[in-house]
Amino acid sequence: MLIHYRIGAKKIKVVRPEGELDLMTAPRFRSLLRQGHSRVTGPPRLIVDLAGVTFMDCSALRELCDAQTWAVEQGGWVRVVHAQRGIATLLRATRLSSRFPRYASVRDARSDQLANCSP
């Protein structure tokens, strides 16, 4: 698993994992979701771009939920970008699609412009 992240415009952190997000990679995913928050002032705002993810299981989903809970408690948010049918199916099956609505691109997530259709 390879994960890129940066803190860009408006102090929004963008995380771009690649490959598989599963039980073996979940601890690294968790640490990178939380990395960099100490350098940002204000509420945490995180965009997770899953475009490069080939597989995702519930262990990675749990890390997303934990990151979102923490961010919301601090007055921030987590937004998820994805277009893969498998991720959409996982979110629907776990009844989390309303908690993590789909954004089509990082640009859309920055401006809170939801995707108008599901993958």
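Tabulated values for the structure
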{"item": "Count of residues meeting criterion [aliphatic (A, V, I, L, M), touching a strand residue (DSSP E or B) at 6+ places or on another chain (Cβ under 8 Å) and part of a loop (DSSP other than H, G, I, E, B)] in the range 84-104", "result": "1"}
{"item": "Residue that is nearest to Ser98 (Cα to Cα), among those in the range 36-78 that are among the basic types (Lys, Arg) and modelled with pLDDT under 95", "result": "Arg45"}
{"item": "Unique match (being within 15 Å of the chain's Cα centre (by Cα), more than 27 Å from Gly42 (Cα to Cα), at pLDDT 90 or above and not basic (Lys, Arg)) among Leu91, Leu96", "result": "Leu91"}
{"item": "Pairs where the first residue, in the range 72-94, is within 21 Å of Phe55 (Cβ to Cβ) and the second is acidic (Asp, Glu) and in a strand (DSSP E or B), C-beta under 7 Å, 6+ apart", "result": "Val81/Asp49"}
{"item": "Some residue of the range 56-69 being assigned to a loop (DSSP other than H, G, I, E, B) and either touching a residue at least 40 places away in the same chain (Cβ under 8 Å) or within 17 Å of Val14 (Cβ to Cβ) (or both)", "result": "no"}
{"item": "Residue check for Leu33: buried (at least 18 other Cβ atoms within 10 Å of the Cβ), at pLDDT 70 or above, assigned to a helix (DSSP H, G or I) and not charged (D, E, K, R)", "result": "yes"}
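The values are calculated or read from the model by the stated rules, or taken from the named source; none is laboratory data. Source: prediction; values computed, not measured. Please note: Cβ atoms are built from the backbone with ideal geometry, for glycine as well, and neighbour counts cover all protein chains shown.
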